[in-house]
1. Within 15 Å, Cβ to Cβ, of residue 174, how many net charges do the neighbouring residues add up to if Lys/Arg are +1 and Asp/Glu are -1?
2. Quick one: which residues, 5 or more positions from residue 121 or on another chain, have an amide H under 5 Å from its amide H? H modelled 1.01 Å from N in the peptide plane, none for Pro or chain starts.
3. Where the Cα atoms of the chain are projected onto their three principal axes, how long is each span, largest first, in whole Å?
4. If you place +1 on the Cβ of every Lys and Arg, -1 on the Cβ of every Asp and Glu, and leave all else neutral, what size is the dipole of segment 330-416 about its Cα centre, to the nearest 20 Debye?
5. Can you give me the span-like helices of the chain, meaning DSSP H runs with 18 Å or more of Cα extent along the axis and Kyte-Doolittle mean at or above 1.0?
6. Taking only protein heavy atoms into account and a 1.4 Å probe, give the accessible area per residue of the chain in Å².
7. Distance cut-off 21 Å, Cα to Cα: go down the list 104/189; 104/395; 59/207; 22/395; 104/211 and report the pairs above it.
8. Rounded to the nearest 0.05, what FRET efficiency do residue 121 and residue 282 give with R0 = 51 Å and r taken as the Cβ-Cβ distance? Could you check?
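The values are calculated or read from the model by the stated rules, or taken from the named source; none is laboratory data. What you see is a predicted model; the values in this text were computed from it and never measured. Heads up, the Cβs are rebuilt from the backbone with ideal geometry, glycines too, and the neighbour counts pull from every protein chain shown. The protein model used for the area step is the full one, side chains on, heavy atoms only, and it has no ligands, DNA or RNA in it. Shrake-Rupley method; radii C 1.70, N 1.55, O 1.52, S 1.80 Å.
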Amino acid sequence: MAEVSLYDYASLSAEGRAALLKRSEADLSGVIEKVKPIIEAVRTEGDVALARFARDFDKSSVSEDQIQVTSAEFDAAFKRVDAKVVEAIQFGIENIRSFHEEQKPETMWMKEIRPGAFAGDRFTPIQSVALYVPRGKGSFPSVTMMTSVPAVVAGVPNISIVTPPAPDGSVDAATLVAARIAGVETVYKVGGAQAVAAVAFGTKTIKPALKIVGPGSPWVVAAKRLLSGVLDTGLPAGPSEAVIFADDTVHGGLAALDLLIEAEHGPDSSAYLVTHSRRVVDEALAALPDHWARMTEQRVAFSTAVLTGKTGGIILTSSVEESYAFINSYAPEHLEILSTEPYDHLGRITEASEILLGQHTPCSIGNFGLGPNAVLPTSRWARTYGPLSVTDFVKRSSIGYVTAAGFPLLAGHAHTLALYEGFSSHALAVSPLRQQFIK
């Protein structure tokens with residue numbers, strides 16, 4: 001087995017440090033060229049293309065008339081999923097719903113800005129949203145939970161899920177269970193770039209959506225970029241990534257345990273342990289073989305590829321301040337702060353989408369139902385985006401209302417600026433001429 005990538009951060013050149021920031025989706029030029037004909041085929045051929053791509057890419061037997069999941073398939077899913085799994089899904093959804101209900105903005109607010117002049121915001125749900133649930137490297141009912149619940153809480157009237165089919169033409173049963181419990185009954189058996197194209201343009205079976213959210217492969221990310229002028233592609237969520245920060249108060253074996261969480265998603269994931277403690281590094285390296293021995297073969301292969309490659313490993317810094325600087329520069333999707341006093345570090349880290357504090361809050365708990373959303377921006381977009389939330393499923397309208405008593409003051413200043421900027425119609429609309437037409 002190849003050795004885990006170990007970096008002495010202080011000794012790295014500027015180029016070496018910059019290389020640590022790169023993700024697997026950084027250069028999508030090759031993928032984009034392959035995605036373009038897929039998008040065009042879906043646009044022109046609709047369901048025919050979707051059935052063909054299901055055969056070609058998913059090795060699935062889905063025909064044109066089987067793209068939408070039936071009510072009977074939903075019912076059968078509940079019989080196929082173990083009761084403990086159903087219970088865990090229900091538990092997670094309850095927590096996620098409770099959290100997101102607190103996020104929901106009031107329908108409208110207004111403030112009197114000046115006497116007789118009122119301004120505010122009104123929030124209304126987006127009318128149609130598609131939720132992307134990946135499947136290529138596993139089954140993800142948790143993604144269904146994280147995307148469906150805030151959409152339902154927001155009141156989106158038309159919610160659909162797109163997810164890749166299995167070879168037998170089925171959809172992951174737990175995903176259907178999670179969808180129904182969350183309140184979504186429209187699921188389509190389509191994944192990859194073709195799914196993004198299908199909800200962008202619509203087909204005979206699939207209704208077009210105004211927005212798509214959810215994480216996906218580089219193919220999905222590439223399709224979103226190409227179709228961003230057709231539909232809202234939401235926050236940029238690509239392959240999983242995590243930084244595990246550990247100070248010298250914790251055991252390196254614990255850091256190694258959590259380092260594997262996001263690394264096992266796939267070889268295109270990114271995962272780093274960042275620490276200024278050589279002891280933590282040595283303990284982590286010593287613990288990894290035993291951790292791998294307890295994992296399934298596929299997940300060992302995925303996480304090994306990440307931790308021995310160019311998008312993962314262990315970074316030894318010269319100081320805790322240097323650790324903070326790297327984390328803020330990396331802007332991770334998931335960040336764990338492993339420390340007996342995690343709040344001592346929290347204030348120094350500003351660039352991370354999800355921050356999990358302490359030794360009892362691994363990414364596993366965040367991913368499966370602590371409450372906050374685990375659909376998060378990747379590729380350093382945590383610098384400008386936050387986690388998926390109820391606000392991603394509503395739109396904001398500004399509201400203004402000026403009374404007759406409040407009009408003269410605002411009109412006078414508006415008239416002055418309109419003349420300065422050279423807009424004669426603007427000025428006329430707030431001149432004495434207006435009063436001739438008001439009843």
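1. Net of charged neighbours comes to 0.
2. 109, 399
3. 85, 58, 43
4. That gives a dipole near 420 debye.
5. Counting only whole DSSP H runs, the qualifying helices are 141-154.
6. That works out to 46 Å² per residue.
7. From the list (104/189; 104/395; 59/207; 22/395; 104/211), the Cα-Cα distance tops 21 Å for 104/189; 59/207; 22/395.
8. 0.40
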